[in-house]
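Before any comments, here is the structure.
The values are calculated or read from the model by the stated rules, or taken from the named source; none is laboratory data. None of these values were measured; they are calculated from a predicted model. Here the Cβ positions follow ideal geometry from the backbone for every residue, glycine too, while neighbour counts run over all protein chains shown. For the accessible areas, the whole protein counts, side chains as well, though only heavy atoms, and no ligand, DNA or RNA atoms are used. Shrake-Rupley method; radii C 1.70, N 1.55, O 1.52, S 1.80 Å.
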Amino acid sequence: MHRIPPLLVLLATASWLSNTSAAPHAGTVRTAPTQKIQTKVNSTTATPGANGTTKPAGYAAEDLEEPLPRDRRLRLSDEKTPDKKECPPLGLESLRVSDYQLRASSIKRYGLGSHRGRLNIQSGIYDDDFYDGGWCAGEENKNQWFEVDARRLTRFTGVIIQGKNSIWTDDWVTSYKVQVSNDTHTWKTCKNGTEDVIFNANKDPETPVLNHLPTPMVGRYIRINPQTWFENGTICLRAEILGCPLPDPNTVFLWEHEPQPTDKLDFKHHNYKEMRKLMKAVNEECPNITRIYSIGKSYLGLKMYAMEISDNPGQHELGEPEFRYVAGMHGNEVVGRELMLNLMQYMCQEYKKGNPRVLRLVTETRIHLLPSMNPDGYEQAYKLGSELSGWGIGRWTYQGIDLNHNFADLNTPLWEAEDKEEVPERFPNHYIPIPEYYTLANETVAPETRAVIDWMQKIPFVLSANLHGGELVVSYPFDMARSYWMAKELTPTPDDSMFRWLSTVYATSHRIMADDNRRICHYDNFMRHGNIINGANWHTVSGSMNDFSYLHTNCFEVTVELSCDKFPHEVELPTEWENNKESLLIFMEQVHRGIKGVVRDKDTGEGIAEATIVVDYLNHDIRTAPDGDYWRLLNPGEYEVTAKAEGYHPSTKSCRVSYEDRPTICDFYISKTPKRRLKELLAKGGKLPKELMLRLRQLRLRKLKSLSPKRV
């Protein structure tokens, strides 16, 4: 998720200021050519090509039998053995427990009502709105309670609580009792022998504290009864309850069963070792359509594995678009990671079954899946587990860098050039070079960021989604507000209508986003906007991967916030797959929307690399890949499209995009200019033909006449 708690924002900002004090002012940005950046980003050498791509050097297939890295700072977590006595959470955090199932003895005000007493719920900016950071009692005494109705007989095994989420006040419970009932009239207090158990609770507002009940208790209702609280605060908490439902033939409820997947996938959390094992298994099951490679290493040496799914793995095919999904940018937002591993398994299985939809995707698209962009951060969160990692642990890299603020800011130089009316004549409106300061040795650029930039420059990606968690919304560029003093401001790209379409496709196919009756996750009601939003109009982010991808490469990228719960329990993973399965597939299919073609030399028929594709009235061009092929995402309509390249005459044609999900073919054959022909001829040691000499002489005379003063 983009947003982090305000307190963490302040801490991160202080760290950022100390790390970037030597960086030049944005107003004096100098740009460096991509060729220079290439040597900084990665040691792999290759011939530069269009769109930052390099040809033909790529990524070698990985051998996952190699030993795991050894680093004294990193101890890879072992696979967790499920505790048969441990019950899963009821679902306060994941919203399976509704607001109607929560009650309290008293509330301070509506914004601090029982409906806000959910683990990891985030507050609005102000402490007096309807979306505050927890449940707070209206009185300060030991008779206060927070109650959860499990709606059926349940074997309760544990309680997890936090304090209130706020930057203005410090409120948390330091000890509490637990009570269970079947009718809300008679309550049984958790005991250890004959004594009531008083559980130790929080020492700060954010760290979740788990207490197991000495002996599991059975009932329908459970209460948390605070006994002591922070002396300078009041009774406030956020909670999750661990419990296993029991058979109850007398229940009056008709249980709403979540749809269970029929796909036979590995629904569990996969640490680094298990992720490698699963990817290797998929590759061995479908060796003809899959390939595993590494785009680089994390700070602690963990490889950033990607899986390619294509009918010809390992090579770019002329006219076939390249697509990518990136997950795990924030290590504790794990739904995307598991969805990518599920998607690998699903596409392999369905391809073998002959599923026509999957067959078409595999044969017509080159798909790249990166399940873990921040493997170091994930390992930190995984060790604590789904309920105890909290809202921030594992978000950042081992170096403490937020990867979604770590890409080069290309927005500022573009907008400054636009203000000076230098775009596109003197400053490009696309493929903007990386600023020179970004390559300096003292610049804080994570190795994970450098690896992804190198990946972007090697492969001519067309469409991408960056998978996050903690909300339910799809955000699209620009992520950075144009007015630098604004916390949020609508800042659309020239391709705003296309980005809105791409975002809407995912949001309307997502099973929960499409439900207008769902509860909001925290405090933002994205349903009013169709569950999509311009990133800068949500909150400004400088150096985001979305903006960098759009401005430095041809790739259109959006951010998908997949679920309210950043790190759901394993029991939630099948539901998350069902929620996102259709969206993942239909979004990939959008890579075939718009126009595509090849720009060729009219004389030789060879593809022309780095030719520019200009669409009238869209102030954002793209470039051809090394083989001369291109893909331009466009909504249905009629477009005047121009292909131009250095040393060639431009060519313009009308291209019509239909409503079908098939691209319109718009090929171009362009002719060399006389000047280029002359240079090529002289370079070969040839003599000028007489007709060419006469033509050049006529052009010179015409130019001289136009420059000579006219007689009065």
Exercise. Given (1) within 30 Å of ILE595 (Cα to Cα); (2) touching a strand residue (DSSP E or B) at 6+ places or on another chain (Cβ under 8 Å), where does GLU680 come up short, assuming only one miss?
Worked result: (1)
Seminar exercise, completed: The condition of being closer than 19 Å to ALA465 by Cβ, of a type in the set (Phe, Trp, Tyr) and not in a loop (DSSP other than H, G, I, E, B) holds, among TYR325, TYR293, only for TYR325
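So in the stretch 494-515, with the set limited to residues that are among the aliphatic types (A, V, I, L, M), over 17 Å from the mean Cα position of the chain (by Cα) and not in a helix (DSSP H, G or I), which one is surrounded by the most Cβ atoms within 10 Å (Cβ to Cβ)?
Restricting attention to the stretch 494-515, the residues satisfying the condition of being among the aliphatic types (A, V, I, L, M) are 498, 502, 505, 507, 512-514.
Subset that is over 17 Å from the mean Cα position of the chain (by Cα): 498, 512, 514.
This time we only want the ones that are not in a helix (DSSP H, G or I), so: 512, 514.
Working: ILE512: 19, ALA514: 16.
In this case the residue turns out to be ILE512.
Residues checked against (1) at pLDDT 95 or above; (2) open to solvent by less than 50 Å² (accessible area, probe 1.4 Å):
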| site | (1), (2) |
| --- | --- |
| LEU210 | yes, no |
| ARG238 | yes, yes |
| ASP263 | no, yes |
| CYS286 | yes, yes |
For this session: Look through the stretch 575-605, keep the residues that are among the hydroxyl-bearing types (Ser, Thr, Tyr) and over 19 Å from the mean Cα position of the chain (by Cα), and return whichever of them is most open to solvent (accessible area, probe 1.4 Å).
Result: THR604
Seminar exercise, completed: Conditions (1) in contact (Cβ under 8 Å) with a residue 40 or more places away in the chain; (2) out of contact with any Gly (no Cβ under 6 Å at 6 or more places or on another chain); (3) within 20 Å of PRO428 (Cβ to Cβ) -> ARG662 fails only (3)
Exercise. Would you say ASN165 is under 25 Å from GLU572 (Cα atoms) and either in a loop (DSSP other than H, G, I, E, B) or open to solvent by 60 Å² or more (accessible area, probe 1.4 Å) (or both)?
Worked result: yes
Exercise. When the stretch 434-477 is examined, which residues are found to be in contact with a Phe, Trp or Tyr (Cβ under 7 Å, 6 or more places away or on another chain), surrounded by fewer than 24 Cβ atoms within 10 Å (Cβ to Cβ) and part of a helix (DSSP H, G or I)?
Worked result: PRO447
Exercise. For GLU640, all conditions in the list (1) outside any loop (DSSP other than H, G, I, E, B); (2) under 30 Å from ILE367 (Cβ atoms) hold save one; what is the number of the exception?
Worked result: (2)
For this session: Identify all residues within the stretch 481-538 that are hydrophobic (A, V, I, L, M, F, W, C), modelled with pLDDT of 95 or more and touching a helix residue (DSSP H, G or I) at 6+ places or on another chain (Cβ under 7 Å); write none if there are none.
Result: ALA481, LEU490, LEU502, VAL505, ILE512, MET513, ILE532, ILE533
Exercise. Are there any pairs with C-beta distances below 7 angstrom linking a residue in the stretch 405-422 that is at pLDDT 95 or above to a residue that is among the aromatic types (Phe, Trp, Tyr) and open to solvent by less than 20 Å² (accessible area, probe 1.4 Å), with the two at least 6 apart or on different chains, and if so which?
Worked result: PHE407/PHE548; ALA408/TYR438; ALA408/PHE548; LEU410/PHE548; ASN411/PHE478
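Do we find a residue being among the small types (Gly, Ala, Ser), at pLDDT 95 or above and either in a strand (DSSP E or B) or more than 32 Å from the chain's Cα centre (by Cα) (or both) anywhere in the stretch 607-628? Can you show your working first?
Filtering the stretch 607-628 down to residues among the small types (Gly, Ala, Ser) leaves 607, 609, 611, 625, 628.
With at pLDDT 95 or above added as a condition, the list becomes 607, 609, 611, 625, 628.
From the residues that got through so far, the ones that are either in a strand (DSSP E or B) or more than 32 Å from the chain's Cα centre (by Cα) (or both) too are 607.
Yes, there is a match, as at least one residue in the stretch 607-628 is among the small types (Gly, Ala, Ser), at pLDDT 95 or above and either in a strand (DSSP E or B) or more than 32 Å from the chain's Cα centre (by Cα) (or both).
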Problem set entry | Near pairs, Cβ below 6 angstrom, 6+ apart or cross-chain, from the stretch 168-196 (open to solvent by 100 Å² or more (accessible area, probe 1.4 Å)) to any residue that is acidic (Asp, Glu) | TRP168/ASP127
Problem set entry | Neighbours by Cβ (under 6 Å, 6+ apart or cross-chain): first from the stretch 426-455, more than 14 Å from LEU410 (Cβ to Cβ); second polar (S, T, N, Q) and not in a loop (DSSP other than H, G, I, E, B) | THR444/ASN19
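Return the total of residues in the stretch 108-132 being open to solvent by less than 10 Å² (accessible area, probe 1.4 Å) and farther than 13 Å from ALA239 by Cβ. Working first, answer last.
Start the filter on the stretch 108-132 by keeping residues that are open to solvent by less than 10 Å² (accessible area, probe 1.4 Å), which leaves 111-113, 116-124, 132.
Subset that is farther than 13 Å from ALA239 by Cβ: 111-113, 122-124, 132.
Going through the stretch 108-132 one residue at a time, the tally reaches 7.
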Exercise. So is TYR523 under 30 Å from TYR100 (Cα atoms), crowded, with 22+ Cβ neighbours inside 10 Å and of a type in the set (Phe, Trp, Tyr) or not?
Worked result: no
For this session: For the stretch 184-201, indicate whether the set of residues that are at pLDDT 95 or above, closer than 30 Å to GLY124 by Cα, touching a Gly at 6+ places or on another chain (Cβ under 9 Å) and in a loop (DSSP other than H, G, I, E, B) is non-empty.
Result: yes
Exercise. Which pairs do you get when a residue that is under 21 Å from SER386 (Cα atoms), found in the stretch 266-288, comes within reach of a residue that is of a type in the set (Lys, Arg) and assigned to a loop (DSSP other than H, G, I, E, B), reach meaning Cβ atoms under 9 angstrom, with the pair 6+ apart or on two chains?
Worked result: LYS268/LYS80; HIS269/LYS80; ASN271/LYS80; GLU274/LYS268
For this session: With the condition kept exactly as written, say whether any residue in the stretch 365-383 is in a helix (DSSP H, G or I), crowded, with 22+ Cβ neighbours inside 10 Å and of a type in the set (Gly, Ala, Ser).
Result: yes
